[in-house]
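Chemist: Below you'll find the structure I mean.
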Amino acid sequence: MGNNINIGVIGYGYWGPNLVRNFAEIPGAKVTSVSDFKPELLAKVQARYPAVNVTTDSRDLLKDPTIDAIAIATPVSTHFDLALAALKAGKHVLVEKPMTTTSEQAMRLIEEAEKRNLVLMVDHTFVYTGAVRKMHDLIATKQLGDIYYYDSVRVNLGLFQHDVNVIWDLAVHDLSIMNYVLPSQPYAVSATGISHVPGEPENIAYLTLFFENNLIAHINVNWLAPVKVRRTLIGGSQRMIVYDDLEPSEKIKIYDKGITLNGNSESVYQMLIGYRTGDMWSPKLDMSEALRTEGLHFIDCITKGDRPITGGEAGLRIVRILEAATQSLKQQGRLIELNLAEVAA
């Protein structure tokens, strides 16, 4: 069993337990150490995983030569320092999303990982769900035709974050999904939003992203909704998708609906729009847990040298959009140009 990838997890708060549980069950991986500055959380680790070492000092994990990779599940403000230290210690890194608080930090991590030939991966969990992978394949094989729009609502009566606004907390999910399933990158973003708690970050926001070829994306995120909604519509010239993450089984429905333009385009008045309606079907999805799929991918990237689907570049693209959206938010929706083209895929 000496060929296991030994993993250390930093942070055992909200997301850390999910990472530990999944890596503990994945063939080829072994969780050897967990750090958290709260001893009461470490007590939970010890109760559930008696063989795992625990420490209140994350530096113990970085100094341990037997640890191959570090998973970081701490507040976003700490991601950069921890990830950089882990890379400098020669460890592969899986970092929680959003990757960093600035794009400069993200670029610095990418550079360090490349220099040391280490895997740097961002935990954009939704990309590894059966539903999102299915949408990616449908779009990539042109089954929707030309993509017209991407429209997403992600709202709930949520945990108010004190260090990041609702865009960094909730829209990061939609942006990572969008980045993976859409064939192109947005060239500009506009965002509006507001805070209803004095001195606290924005709790409701609307993002609009502009793409070439008449594609538009809109994301509505809100911590102040009475119900939980996780719904995305993707409209194409041939078919349309409704993705509802809260549906227990039929998370994706594909509609054979659309418009066809008929008639003589010489005169706008003679242009007829025909509506096409057809069947709806729900494809069978891989229902395995996203984090398990992602963990297996992380291990493959380390052992086989695969490039992560959600590597540093994907993380950087999302951080750039989050930064631009926050800038736009402060200026009540001013359009901010994005330069994502120079981020190598």
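The values are calculated or read from the model by the stated rules, or taken from the named source; none is laboratory data. Keep in mind that what you see is a predicted model, and the values were worked out from it rather than measured. Reconstructed Cβ throughout: ideal geometry from the backbone, glycine too, with neighbour counts over all protein chains shown. Surface accessibility is based on the protein's heavy atoms, side chains included, excluding ligands, DNA and RNA. Shrake-Rupley method; radii C 1.70, N 1.55, O 1.52, S 1.80 Å.
Chemist: Using modelled backbone amide H atoms (1.01 Å from N, in-plane), which distant-in-sequence or interchain residues come within less than 5 Å of ILE5's amide H?
Modeler: Result for ILE5 returns ALA29, LYS30.
Chemist: Between ARG307 and TYR187, what length in nm is gained on full extension when 0.36 nm per residue of separation is reduced by their alpha carbon distance? Don't jump to the answer; show the numbers that get you there.
Modeler: Working: separation 120, 0.36 × 120 = 43.20 nm, distance 2.51 nm.
Between ARG307 and TYR187, full extension yields 40.7 nm more.
Chemist: Here is a further query. Given a Förster distance of 25 angstrom, what is the FRET efficiency for ASP300 paired with ASP244, based on the Cβ-Cβ distance and rounded to 0.05?
Modeler: On the way: r = 30 Å, r/R0 = 1.20.
E between ASP300 and ASP244, to the nearest 0.05, is 0.25.
Chemist: Let me check I have the definition right: for region 192-345, take the eigenvalues of the Cα gyration tensor, multiply each by 5, take square roots. What are those semi-axes in whole Å, largest first? Display every interim value, and only then the final one.
Modeler: Numbers: eigenvalues 197, 138, 83 Å².
Taking √(5λ) for each Cα gyration eigenvalue gives 31, 26, 20 Å.
Chemist: If amide H atoms are built 1.01 Å from N in the plane of the peptide, which residues on other chains or at least 5 residues away come under 5 Å of the amide H of GLU96?
Modeler: ILE72, THR74, ASP123
Chemist: Picking from ASN22, ASN220, ASN117, which is most flexible by a Gaussian network model of the chain using Cα springs under 10 Å?
Modeler: Looking only at ASN22, ASN220, ASN117, the largest GNM fluctuation is found for ASN117.
Chemist: Would you mind getting the accessible area per residue of region 280-345, heavy atoms of the protein chains only, 1.4 Å probe, in Å²?
Modeler: Numbers: 3310 Å² over 66 residues.
That works out to 50 Å² per residue.
Chemist: Right, another one. Which whole-Hz ³J(HN,Hα) couplings does region 208-225 yield from phi under the Karplus relation 6.51 cos²θ - 1.76 cosθ + 1.60, θ = phi - 60°, glycine and proline marked x?
Modeler: Once θ is set to phi - 60°, the couplings for region 208-225 become 10, 10, 10, 10, 5, 6, 6, 9, 10, 10, 9, 10, 10, 10, 7, 8, 10, 9 Hz.
Chemist: If you don't mind, there's one more thing I want to ask. Can you give the accessible area of ILE309, probe radius 1.4 Å, in Å² rounded to 10?
Modeler: That residue has around 80 Å² of solvent-accessible surface.
Chemist: Still on this model: Using the Cα centre of region 33-121 as origin and beta-carbon charges of +1 (Lys, Arg) and -1 (Asp, Glu), tell me which of ALA113, LEU87, ALA47 is placed farthest towards the positive end of the dipole.
Modeler: Highest projection toward the positive end goes to ALA47.
Chemist: Taking H as built 1.01 Å from N, whose amide H comes closer than 5 Å to the amide H of GLY333, not counting residues under 5 places away?
Modeler: ALA191
Chemist: To the nearest 10 square angstrom, what accessible area does ARG59 show with a 1.4 Å probe?
Modeler: 150
Chemist: Step through the residues of region 43-53 one at a time and calculate ³J(HN,Hα) from phi using the Karplus curve (6.51 cos²θ - 1.76 cosθ + 1.60, θ = phi - 60°), rounding each to whole Hz and writing x for Gly and Pro.
Modeler: The phi angles translate into 4, 5, 4, 4, 5, 8, 10, x, 7, 8, 6 Hz.
Chemist: Run the dipole for region 45-166 about the Cα centre, Lys and Arg Cβ at +1, Asp and Glu Cβ at -1, nothing else charged, and hand back the magnitude in debye, nearest 20.
Modeler: It works out to roughly 240 debye.
Chemist: Calculate for the chain the 222 nm mean residue ellipticity that helices alone would give, adding -39,500 (n - 2.57) per DSSP H run of length 4 or more and normalising by residue count, nearest 500 deg cm²/dmol.
Modeler: Values: 9 runs with 107 residues, N = 345.
Only helices count here, giving -9500 deg cm²/dmol.
Chemist: Send over a whole-number figure in Å² for the accessible area per residue of region 96-147, probe 1.4 Å.
Modeler: Values: 2100 Å² over 52 residues.
Per-residue accessible area for region 96-147 comes out at 40 Å².
Chemist: Continuing with this model, one more query. Please calculate the 1.4 Å probe accessible area of ARG21, with all protein chains present, and give it to the nearest 10 Å².
Modeler: The accessible area comes out at roughly 60 Å².
Chemist: Calculate what fraction, in whole %, of the accessible area of region 270-326 sits on carbon and sulfur atoms when a 1.4 Å probe is rolled over the protein chains. Before the final figure, lay out the partial values.
Modeler: Working: 1520 of 2810 Å².
About 54 percent, which is the carbon plus sulfur part of the accessible surface.
Chemist: Could you sort out which of LYS134/LYS257; LYS91/LYS330; LYS115/LYS330; LYS134/LYS330; LYS97/LYS330 sit more than 30 Å apart by Cα distance in this structure? Show your work: numbers first, answer last.
Modeler: Details: LYS134/LYS257 19 Å; LYS91/LYS330 38 Å; LYS115/LYS330 36 Å; LYS134/LYS330 36 Å; LYS97/LYS330 22 Å.
Flagged as over cut-off: LYS91/LYS330; LYS115/LYS330; LYS134/LYS330.
Chemist: Of the heavy-atom accessible surface of region 181-248 (probe 1.4 angstrom), what whole percent is carbon and sulfur?
Modeler: Working: 1710 of 3120 Å².
Taking all protein chains in place, region 181-248 shows 55 percent carbon and sulfur surface.
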